[in-house]
Each structure stands twice: as C-alpha cells, then as structure tokens.
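Comments concern the structure below.
The values are calculated or read from the model by the stated rules, or taken from the named source; none is laboratory data. Worth saying up front: this structure is predicted, and the values here are computed from it rather than measured. Please note: Cβ atoms are built from the backbone with ideal geometry, for glycine as well, and neighbour counts cover all protein chains shown.
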There are 2 protein chains.
Amino acid sequence: MPVWQQIAEELRAGITDGSLPPGTRLPTEADLTERYQVARNTARQAISALVNEGLVIAARPRGYFVRDRRPLEYRPQQEFRPRPLSPEMDVFLAEHSATGREPMQTIEVAIVEPPTDVKRRLRLADGEFTVVRRRVRYLDGEPYNTNDSYFPLSLAQDSEIMRPDDIARGANQVLAEKGFLQVRALDEIYVRMPTPIETQRLQLGPGTPVAYHVVTGFTEDGRPIRVVLNVLPGDRHVIAFERLRLPSDPAEAP
Amino acid sequence: MPVWQQIAEELRAGITDGSLPPGTRLPTEADLTERYQVARNTARQAISALVNEGLVIAARPRGYFVRDRRPLEYRPQQEFRPRPLSPEMDVFLAEHSATGREPMQTIEVAIVEPPTDVKRRLRLADGEFTVVRRRVRYLDGEPYNTNDSYFPLSLAQDSEIMRPDDIARGANQVLAEKGFLQVRALDEIYVRMPTPIETQRLQLGPGTPVAYHVVTGFTEDGRPIRVVLNVLPGDRHVIAFERLRLPSDPAEAP
C-alpha cells in the first residue's frame, strides 16, 4: 500500500471509530509531513483522498474538518406502518434519528408525460399523462431530499392531489377514498453519482453519491397506481427496513 | 445552464431512456464540437462529466462507451422468504435479474476483535471476540460484492461456521439448530464512496459509489446474534424490497 494510502487509512479509521468525531480539525499537511516523515505532496494526497470519499470537507483557510454526518432515518415501511413492529427498531431510531431539526417542504404540481422509468412501471400507453407532485424537503433550511410522486392523470384529476399544498392525510389516503387502496409496494434502491441538476437542487458537496429510491404502489388486483422517485444524498440518510420471519418460513432460503 | 452541461444532459437523457443503450459508442469530441458548434474543450467537459457520474467508460483509443449496467437483483428479504409474496415481485425479478451468469465465491474465516460498528450492534463487552466469515462473490469471474458476517465467538465455536467452506443450508440454520433462531432482522443502507481497499477488492471504476448494507439479526427475545456488513457497488446492484400492508394498517401514516 502506498504511504499516502496508509496515512489516509489511519485518518479514516479515526473517523470511523469515532476518535476523530464530526467537526474535528484534521492534522494539517505540515503536521502529517512531520509526523510521518513524508513529502508535503504525499500528505496532500492522503487528505485529498478523504475529501473525494466525502469524509472530510475543506474550509479554507481554516483547514480540513471531519464532515458532520447526521443521517436522517429514512424508513419506506413507515408509509404503511406508523409504528415499528419490534422494539429493536425503536432503539435503532433513537440512536440514529436527526431529532430537533425543523422540517419544511416545497411542493410543485405539474401534468407531464412521464419519464420512461415511470411510464413502464405504471404500464401507461403512449401519450397518457401523469400528475407529478415534486417535493423538496428541508431540515433547518438545508435541502435533504427530493420526492417526485407520479399518479395516472385519470386517477388523480379533480382530487386534492392536483393542488400544490400539503395533503395532511396523505395522497395515498386520497386514492384509497376514491377506491384505489394500495396494499403493497415495491422498493428499488439504486446507488449512483448525482446528476448536475441534483447536485444543484440538493446543494451536494464533492464525493456525495445518492440513493435513487423508486417506489411502485399496487392495488389488491395488481394495478400500479403510483410511482415515487426519491433522491437521497448519501451523507444525509440511512435507509432502514425491518424484516420479520413468517411462521411458515424456513430458517434460511435454500 | 452552461453549454457543456446541456450537452451532457442530452447524452444522459439518451442513456437513461435507452436510445443510447449499453455498449454504444458516444459521439467523439470532434463530433460534438461540430454538432453543437462549441470549443473542443466544452465537448471534453461534457464527456468527462458523464465519466465521473459512472455513466460512460473510456476505452482508449477506441473512444467512450455507454457503460454496461446489468444490476444484480439483491433482495435482503429472500433470506427469510425464498419466494416473493406478490406476483409483481416476480415480474420485477424477470426484468432485472442478471441471469445466466456463473456465480462463484471465496470464503475466509477469522477470529477477530470486531470493528466498533459490529461490537455495538452485537452488544459485546470489551475484549469479546467474534468469528467473521468474509466472502467475495463473483459473477462470470468479475467481483460483484463482499459479505462479511460476524458472529459472537461463544455462539459459533465448534460449529460449521468456523470452517472456510460453503454451508449449504446456511449459517442461520446452523445457529437455529443450536437454539438461536433469528426471527427478525434490521437492514441499514448507507450510501458512500468506496475506500481504496474496497476499490481494489471489487475492481471499481471511477464514479462508482457503494451501498454499505448492514444487517443485524435477532432472536425472539431480542438478542442480536449476527451482523453482516455488505459492500454493494452501485453499478452492479439494485436493492429490492417488497412491502405488504397489514390488514390493521391505515392507508398512510399520519
């Protein structure tokens, strides 16, 4: 392993195990040069690797600091199930959740031809329109994630879904009242670098990948009636699920 | 939006909507220079943005190509539930799964002091050891993901878990036979850039973030007996879950 990688590895270990907590100022290039008896350039390479991994931020001229990661607990299952099923989930929540921060969201509504991803999942014919509710969610004024929910126009029209306001009881409840109760959902999670538009919309720093979380909601008879495209910056979220064994399940899949 | 971003956006749209399918050769810098009437450097910037996002790979001197993404279907729920509960999941699988590729894995077993992450989740005392089974999984000879499973030494010793071999019925079944049946699991998914060691172990290209998937398995009385650390390259996986509404659930969380 080259020397710069060894130095980076030591710093990374400190960040991971908590001995260099968020907000800590890293040793300077001069400090590292002296401590490891290496060239300045080697020290710089080590720090730069940590910046690219998103572990450290540059705050010139004050130096480099361990990034403050307070990931928001993001639980897709909460949509159907307000309370976790097991006590461990509550413990987990208490440890991880970003409490005490002020939430805010902006909502835009548009009638659009859906992107290919959405069209295929909603099984729409060519030329069929969708209603999209585009939300940006903020915590303490910082953008946290985006959430674009698509509904077939034929289902959503003449409902509150068309209004660019918060729907206190939720868009799913509005659909349920129209006779379209969602009884299951598929979650797909892709991991990738952000597009320039996402970088801008979510004010992402370098080395910040995103989870692209696609939800498809189905009625009892298997009809897809909702697709949500969520963009979740990696430095601000942990996605959590809980799974229970069904009584009939074997201990492990063969 | 600067011109290079507009060019990148057009190419990106083509990649996303399938009109530039995997393996397609991108227009060259010269092509883009001519088509958009821009400086060579502008064209280069557009292509470079797509490389950094992981959408395109350089295969010099032949040019730039749309990356071949055939994400492996990765389903944490399958561990407890060999068959999906709903027909939509099967459809989804058929669309996405990387079929016909030859799987292979390497297994190493070690007795180690657990990393902080594992120690906390297993609620181990200082100095307690764990058994770790470290697996690298390959498809058609290409490394796909890594899977490090940690068990308290006190539970795993004198069992097949200690042998660096495949356990056909699964390590969970071995624990169940010893009286430790896992009835629930928590999944935590973090999204970040890879460490240099992960980059090397998984042969990752530029612009390839990873999902860091942590599983904690619990017995009926809430005892954590297994923690798995999975590293899943974003260009090779889609993580999928299915959720069912319980009869008692409201349509949506308040």
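For this structure, a couple of remarks:
- Where a residue in the range B:177-188 is assigned by TED's automatic domain parsing to the domain that holds B:SER159 and its partner, wherever it lies, is small (Gly, Ala, Ser), with Cβ under 6 Å and at least six apart: B:GLN182/B:GLY217; B:ARG184/A:SER86; B:ALA185/B:GLY217; B:GLU188/A:ALA240
- For the range A:158-169, taking the residues that are over 18 Å from A:ILE111 (Cβ atoms) and either free of Cβ contacts under 8 Å to residues at least 24 places away in the same chain or outside the structural domain of A:GLU220 (by TED's automatic domain parsing) (or both), the one that is surrounded by the fewest Cβ atoms within 10 Å (Cβ to Cβ) is identified as A:ALA168.
- Search result, residues across the range B:1-20 that are at pLDDT 90 or above and not in a helix (DSSP H, G or I): B:LEU20
- Meets criteria (more than 8 Å from chain B (Cβ to nearest Cβ), under 18 Å from B:PRO233 (Cα atoms) and at pLDDT 95 or above) for A:VAL231: yes
- Residue that is farthest from A:ARG135 (Cα to Cα) [pool: residues in the range A:163-176 that are within 12 Å of chain B (Cβ to nearest Cβ) and assigned to a loop (DSSP other than H, G, I, E, B)]: A:ARG169
- Check on B:GLN173, under 22 Å from B:VAL136 (Cβ atoms), free of Cβ contacts under 8 Å to residues at least 12 places away in the same chain and not acidic (Asp, Glu): no
- Exactly one residue out of B:GLY179, B:GLY222, B:GLY207 is on the phi > 0 side of the Ramachandran plot and either crowded, with 17+ Cβ neighbours inside 10 Å or assigned to a strand (DSSP E or B) (or both), and it is B:GLY207.
- Residue identified as over 20 Å from A:VAL238 (Cα atoms), facing chain A (nearest Cβ under 10 Å) and of a type in the set (Gly, Ala, Ser) among B:GLY217, B:GLY222, B:GLY205, B:GLY179: B:GLY222
- Test result for B:ILE225, within 23 Å of the chain's Cα centre (by Cα) and not acidic (Asp, Glu): yes
- If you go through the range A:11-23 and pick out every residue that is surrounded by 15 or more Cβ atoms within 10 Å (Cβ to Cβ) and more than 12 Å from chain B (Cβ to nearest Cβ), you end up with 1.
- Residue in the range A:143-151 that is over 23 Å from the mean Cα position of the chain (by Cα) and more than 30 Å from A:ASP68 (Cα to Cα) present: no
- The set of residues in the range B:210-219 that are more than 26 Å from B:ASN52 (Cα to Cα) and either of a type in the set (Gly, Ala, Ser) or exposed (fewer than 14 other Cβ atoms within 10 Å of the Cβ) (or both) contains only B:GLY217.
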